[in-house]
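Student: The structure follows.
The values are calculated or read from the model by the stated rules, or taken from the named source; none is laboratory data. All figures in this text were calculated on a predicted structure; none of them were measured in a lab. Note that we place each Cβ from the backbone using ideal geometry, even for glycine, and neighbour counts take in every protein chain shown.
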């Protein structure tokens, strides 16, 4: 099972990096598999740590993948040399146990160092799930056929229309703008993608 989260890391120079990322739990370890090239991968190797943030603010997912916003407020983690999202509902601090390099998707196995809950979780609504799925699609615009992107966005729009609040509507608009910009660019004309 893959859990959609936001992973924060710090560079060797101390610069914060925020990235939506699916994680897996493997016993007492957390597995990260970032695509290369990846600042998250580089930062984990440089610092030996990362933080998994649990949030319902879908603007973070949409903002990171659309390039609309990346300056999410972070604060120092408690026990690892890294940062966490200031607004997270909770976070999980991780230290690198081992990694397997790969040209496309290296595997980072992380051990749990500290877990904290900062506020209660009121549950997801369908629009939040739609924004997260839309963010995954935007991150794969270069890999998926245009017809697939358009049909998936049309389906996800139903959840946005029925259940979104202002935060989800803002996040959704960023994703829609990213899709439109991608297909308006001359380099997006790929044979067979319509």
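Student: What number of residues in the stretch 84-111 are in a strand (DSSP E or B) and within 26 Å of residue 175 (Cα to Cα)?
Tutor: 4
Student: Without any contact (Cβ under 8 Å) to a residue 40 or more places away in the chain, closer than 15 Å to residue 56 by Cα and either touching a strand residue (DSSP E or B) at 6+ places or on another chain (Cβ under 7 Å) or in the same structural domain as residue 36 (by TED's automatic domain parsing) (or both): does that describe residue 115?
Tutor: The answer is no for residue 115.
Conditions tested, residue by residue: (1) surrounded by 13 or more Cβ atoms within 10 Å (Cβ to Cβ); (2) more than 22 Å from residue 38 (Cβ to Cβ).
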{"position": "100", "(1), (2)": "no, no"}
{"position": "117", "(1), (2)": "no, yes"}
{"position": "127", "(1), (2)": "yes, yes"}
{"position": "134", "(1), (2)": "yes, no"}
{"position": "148", "(1), (2)": "yes, yes"}
{"position": "151", "(1), (2)": "no, yes"}
{"position": "157", "(1), (2)": "yes, yes"}
{"position": "166", "(1), (2)": "no, yes"}
{"position": "172", "(1), (2)": "yes, yes"}
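Student: Restrict the check to the stretch 154-176 and report whether at least one residue is touching a residue at least 24 places away in the same chain (Cβ under 8 Å), closer than 22 Å to residue 53 by Cβ and more than 21 Å from the chain's Cα centre (by Cα).
Tutor: Within the stretch 154-176, none of the residues are touching a residue at least 24 places away in the same chain (Cβ under 8 Å), closer than 22 Å to residue 53 by Cβ and more than 21 Å from the chain's Cα centre (by Cα).
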